[in-house]
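Have a look at the structure below, then the notes.
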Amino acid sequence: MKDDFLTPTQLARMMGISRQAVIDKIQKGLINATRVGHQYIIEKKELDGLRKKGYAIREAGLKKTAKSDKDNREDVIKMVKDNDINTIQLWFVDILGTLKCVSVTARDLEEAIYHGKGFDGSSVTGFAEAQESDIIAMPDASTFQILPWEESATPVARLFCDILNPDKTPYPGDSRYALKRNLERARKMGYTYYIGPELEYFYFKTDKAPEILDEGTYFELIPNDLADVVRNKTVDVLEEMGIPMEASHHEVAPSQHEIDLKYNEALTMADNIITARYCIKEIAKAHGIYATFMPKPLFGVNGSGMHVHQSLFKGDKNAFYDKNDSYHLSPVAKQFIAGQLRHAREICLLSAQWVNSYKRLVAGYEAPVYASWAQRNRTALIRVPLYRPGNEKATRAELRCPDPSCNPYLAFAVMLAAGLEGIEKKYKCPEPVEPNIYKMEMSERETRGLVALPGSLFQAITETEKSAVVREALGEHIFSRFLINKKKEWEDYRIQITSHEIKRYLAIL
C-alpha cells in the first residue's frame, strides 16, 4: 500500500521544485492529494496527470548518466517556466572555495545554459591575470535546484557551473575541473570515489565576536533552544533540496553543532558541501544569529573539523572490503590508506587551508596530530570504523584532518590523488596504532615511526611546495596560485601583534 503513494517531499524531488511549492499546488487544486492527519499523500497515478499537464517528472533527479546534457538543459528551461522562476543563480567557487554567483533572468537562461555566461576572471581569487581575463561560467544542468528557503513571491533557483576558456575548453584554474580530472584517473582504474562528510560549525550571536548561544555538550538536547530549531530547519531545507542527511546533533564544544551528509560520489558531494555551508549560514541569518565554519573560534575547547568518510567502489562492490582480512580491509583499502598517510603532510594545506586551521590540529581536542590509522583510536589521522557483519558497503576510511572551511573540490582532489598513488605504487600499510597518541612518550612515537602533521600554515606550505603528488593533482595553474595566496596569508599573519603578546609581554619587557 505504501508503495502506491508519495509524500510532498518525494514529489518535490521528482518535479525539481521545493516541498512548499508542492503544498501550494495541492492547496490550489493543481495537484490531487489526500490529507492524513497533518500530512498530505499523493497517489502515484497522479504522476501521469502531471506529465499530461506538461510537468517534467524525474524518477531520481537530473543525472548526467540518465539523460544527455541537451535533455537536462531542456528540463531546466521547462521547470523554470512551470514554476515561474525569474532569477537563476549561477554558482562557482574561487580557488579558496569562496562561493561566487552571477544571476540571470528566465529570459536569459536559454542563452546562458547553452553558451555560458562570460565574466572577468581577473577579479576572482586565483583565476585569470588581467591580460587573459575573459572566461566563461557554463551551467551544469544536472545541478539545477530551487532554493526552498527564499521568501520572495517568485522562487529562486541555482545551477553550479564549470569554468571554461573562451574556446570552451576547461579552464585550468577551475576547482571543479581539478576534482573531475582526479575522478577520471580513478575511473580509468575502475573506481568511483565516494565521500560522506561530517560538517561541524558554531552558532554565535553575531559575526563580531564569538559569543556563544549555549553551554551544551555532545548530543545534548536543550529545551526551547534556538540553535536546535535553526539546525533542524537547515536539515529540512537540505532534504528538500535532495541532499539527504545521516544525522545532526549538538557537538562537544559550547554552541557547536554537526550535520552529517549522506555519502555520495565526490563531485556531487563537493557541490553539496558548498550548498550546505551556504544554507547553514543563510538560515542562521534569517533567525538573527551567525553560523561560522572557522576551525578554531574559541580557545580551550574543540575546534570544528570535517571528518571525511571515504570509499572506492567498483560497480556496486565496495573495493575496500575483504571478508577474509582481520580488519576486513582489502589490499586496495590498505594501499589507499598508506598513500594518504605517506603524503599526509603534503596534502594538509588543501584540507586545512587557513592560519586558524592549525590552532585546531593540536593535541587534546580530538583532532589528529600524527599520521597514523586505527579502528577505535580517535587520535589517529585515519580511522576505520569497526566492521558490522552484513554491512560491507559501509567499510570506509575516515580522514580526520580536514576542516569545514576548506575548498572541498581541491581537498577531495588531493586526498584521492594520494590514495591512488598508494594503490598504483602498492605502498605498504603500517600497523594500526590503537593507544592514545597524545599520551605517548616521544620515544614511543619515534619507535612507531609516527610523523607529525604540519604545526602551522607555514610548515604546511613548505611541505606542499615540494610535493609532486599535489602539483599533479591540482595542475600548475592552481598549484602555483594557491601557494602564492597562502604565502601572503602567512606573511599577513606573521607580522601582526596579537592581544596575547600584549598581555604576556608588555608589562614585563
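Annotations for the structure displayed:
- Screening the stretch 169-205 for residues that are among the basic types (Lys, Arg) and modelled with pLDDT of 95 or more and picking the one that is nearest to VAL235 (Cα to Cα) gives ARG176.
- Matching option when the condition is of a type in the set (Asp, Glu) and more than 24 Å from TYR263 (Cβ to Cβ), among GLU211, GLU200, GLU184: GLU211
- Output for the stretch 87-129, where each listed residue is touching a helix residue (DSSP H, G or I) at 6+ places or on another chain (Cβ under 8 Å), farther than 22 Å from ILE274 by Cα and surrounded by fewer than 18 Cβ atoms within 10 Å (Cβ to Cβ): ALA106, GLU110, TYR114, SER122, GLU129
- Qualifying residue in the stretch 68-80 (condition: out of contact with any helix residue (DSSP H, G or I) (no Cβ under 8 Å at 6 or more places or on another chain), at pLDDT 80 or above and of a type outside the set (Asp, Glu)): yes
- The set of residues in the stretch 461-484 that are surrounded by fewer than 16 Cβ atoms within 10 Å (Cβ to Cβ) and assigned to a helix (DSSP H, G or I) comprises THR462, ALA468, GLU476, SER480, ILE484.
- Residue tally, condition surrounded by 19 or more Cβ atoms within 10 Å (Cβ to Cβ) and within 28 Å of SER175 (Cβ to Cβ), over the stretch 308-342: 18
- Scanning the stretch 232-254 for residues that are over 15 Å from GLY196 (Cα atoms) and part of a strand (DSSP E or B) turns up at least one hit.
- Here is the figure for the stretch 293-319: residues that are within 20 Å of PRO385 (Cα to Cα) and either not in a loop (DSSP other than H, G, I, E, B) or not assigned by TED's automatic domain parsing to the domain that holds ALA397 (or both) total 8.
- Filter pass, GLY364 being assigned by TED's automatic domain parsing to the domain that holds GLU421 and more than 18 Å from PRO295 (Cα to Cα): no
- Condition check for ILE347: in contact with a Pro (Cβ under 9 Å, 6 or more places away or on another chain), in the same structural domain as TYR201 (by TED's automatic domain parsing) and of a type in the set (Val, Ile, Thr): no
- Total residues in the stretch 162-185 satisfying the condition of being over 27 Å from GLY305 (Cα atoms), in contact (Cβ under 8 Å) with a residue 12 or more places away in the chain and either among the acidic types (Asp, Glu) or in a strand (DSSP E or B) (or both): the figure is 3.
- Within the stretch 216-236, one or more residues are polar (S, T, N, Q) and closer than 15 Å to PRO404 by Cβ.
- Pick from the stretch 401-445, criterion assigned to a helix (DSSP H, G or I) and more than 25 Å from SER357 (Cα to Cα), ranking: modelled with the lowest pLDDT: SER443
- Residue in the stretch 47-57 that is under 29 Å from the mean Cα position of the chain (by Cα) and at pLDDT below 80 present: yes
- Near pairs, Cβ below 8 angstrom, 6+ apart or cross-chain, from the stretch 436-462 (closer than 12 Å to ALA371 by Cα) to any residue that is of a type in the set (Val, Ile, Thr) and not in a loop (DSSP other than H, G, I, E, B): ARG445/ILE437; LEU450/ILE437; PRO454/THR462
- Residue match in the stretch 434-446 (condition: in the same structural domain as GLY190 (by TED's automatic domain parsing) and in contact with a His (Cβ under 7 Å, 6 or more places away or on another chain)): no
- Residue within the stretch 343-364 that is surrounded by 19 or more Cβ atoms within 10 Å (Cβ to Cβ), farther than 14 Å from PHE320 by Cα, over 22 Å from the mean Cα position of the chain (by Cα) and of a type in the set (Gly, Ala, Ser) present: no
- For the stretch 226-254, filtering for residues that are over 22 Å from the mean Cα position of the chain (by Cα) and loosely packed, with under 15 Cβ neighbours inside 10 Å leaves 1.
- Residues of the stretch 186-225 classified as in a helix (DSSP H, G or I) and either crowded, with 16+ Cβ neighbours inside 10 Å or among the β-branched types (Val, Ile, Thr) (or both), total: 1
The values are calculated or read from the model by the stated rules, or taken from the named source; none is laboratory data. Predicted model, so just to flag it, every value in this text is computed and none were measured. Neighbour counts run over all protein chains shown; Cβ positions are idealised from the backbone, glycine included.
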